[in-house]
Amino acid sequence: MDEIVTLIIRQLAIAAFLVTTTVIIHFFGLFLLTAFVRVNQKRLGRDNMHIDQIAVLIAAVLGLFAIHSAEIWLYALFFDFMHVFPTLEDALYFSLTSYATIGYGDVVLSHQWRILGAIEGVNGILLLGWSIAFLVGVVGRFRHMQHY
């Protein structure tokens, strides 16, 4: 029984560290993207809306992709460092499918790591939701500028 409790506590402690780190990465990434969007909104004004606006939105989406990639790589590098999978590619593939909650099941964690894998899925879906909210806000700002 003590081994199970120790295993659970170990996974939860590691998960707390990884979740906290990804939230910090996400916060600062969105902070920088928000500053980028604001600067470009002011630069565009109300006259130059269409092509430039699309370019800023594409840049914001690519920025979100970069933020999520960093978070996925964090988990993958942890799994690789701990030799959870035979290769880095397996670790990255598992991390990507877990983070996005796709979870094909063709690469799975051992018993001693499965709680961490589940937490990565919850972490990923929350951060993806945060990104969607950010993107909806950016689109809303541009639409608001078009109407005034």
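How long are the semi-axes of the equivalent ellipsoid of region 72-144, defined as square roots of 5 times the Cα gyration tensor eigenvalues? Whole Å, largest first.
Details: eigenvalues 183, 26, 18 Å².
Three semi-axes, in Å: 30, 11, 10.
Fewest to most neighbouring Cβ within 10 Å: what's the order for GLU120, GLU89, GLU3, GLU71? Numbers along the way, then the final one.
Details: GLU120 30, GLU89 12, GLU3 8, GLU71 25.
Sorted ascending by nearby Cβ count, the order is GLU3, GLU89, GLU71, GLU120.
If the elastic network links every pair of Cα atoms under 10 Å, which of VAL138, VAL56, VAL39 fluctuates the most in the Gaussian network model of the chain?
The residue with the greatest mean-square fluctuation here is VAL39.
Once the piece of chain linking ILE125 and ALA16 is laid out straight, how much longer is it, given 0.36 nm per residue of separation minus the C-alpha distance between them? Please list the in-between numbers first.
Values: separation 109, 0.36 × 109 = 39.24 nm, distance 1.58 nm.
Between ILE125 and ALA16, full extension yields 37.7 nm more.
Working out 0.36 nm times the residue gap between GLU89 and VAL23, then minus their Cα-Cα distance, what length gain in nm do you get to one decimal? Mind dumping the intermediate values first?
Details: separation 66, 0.36 × 66 = 23.76 nm, distance 2.40 nm.
Extra length available between GLU89 and VAL23 comes to 21.4 nm.
With 10 angstrom as the radius, rank TYR93, TYR104, TYR75 by how many other C-beta atoms surround their C-beta, starting from the fewest.
Values: TYR93 16, TYR104 10, TYR75 26.
Ranked by crowding around the Cβ, least crowded first: TYR104, TYR93, TYR75.
May I ask you to derive the relative contact order of the chain, considering only C-alpha pairs under 8 Å and at least 6 residues apart, and to give it as an integer percent? Can you show the working numbers first?
Numbers: 105 pairs, mean separation 43.1, N = 148.
That works out to 29 percent.
When the Karplus curve 6.51 cos²θ - 1.76 cosθ + 1.60 is applied with θ = phi - 60°, which whole-Hz ³J(HN,Hα) does each residue of region 25-40 get, with x for Gly and Pro?
With the stated coefficients, region 25-40 comes to 4, 5, 4, 5, x, 5, 4, 5, 5, 4, 4, 4, 5, 4, 4, 6 Hz.
Report the Stokes-Einstein translational diffusion coefficient (µm² s⁻¹, integer) for the chain, Rh taken as the Kirkwood radius over Cα pairs, at 20 °C with viscosity 1.002 mPa s.
126 µm²/s
For region 1-68, what does the alpha-carbon gyration tensor say about shape, rounded, prolate or oblate, given a ≥ b ≥ c as the root eigenvalues, a/c under 1.5 as rounded, and a/b over b/c as prolate?
Prolate, since a/c reaches 1.5 and a/b exceeds b/c.
For each of SER95, SER69, SER110, count neighbouring Cβ atoms within 10 Å of the residue's Cβ, then give the residues from fewest to most.
If I rank by nearby Cβ atoms, fewest first, I get SER110, SER69, SER95.
Applying the Karplus parametrisation 6.51 cos²θ - 1.76 cosθ + 1.60 with θ = phi - 60° to the phi angles of region 96-106, what ³J(HN,Hα) value in whole Hz is obtained for each residue in order, glycine and proline being reported as x?
5, 6, 6, 4, 8, 6, 7, x, 4, x, 7
Just so you know, all these numbers are worked out from the coordinates, no wet-lab data involved. Because the structure is a prediction, the values reported are computed rather than measured. Counting neighbours? That spans all protein chains shown, and the Cβs are built from the backbone with ideal geometry, glycine included.
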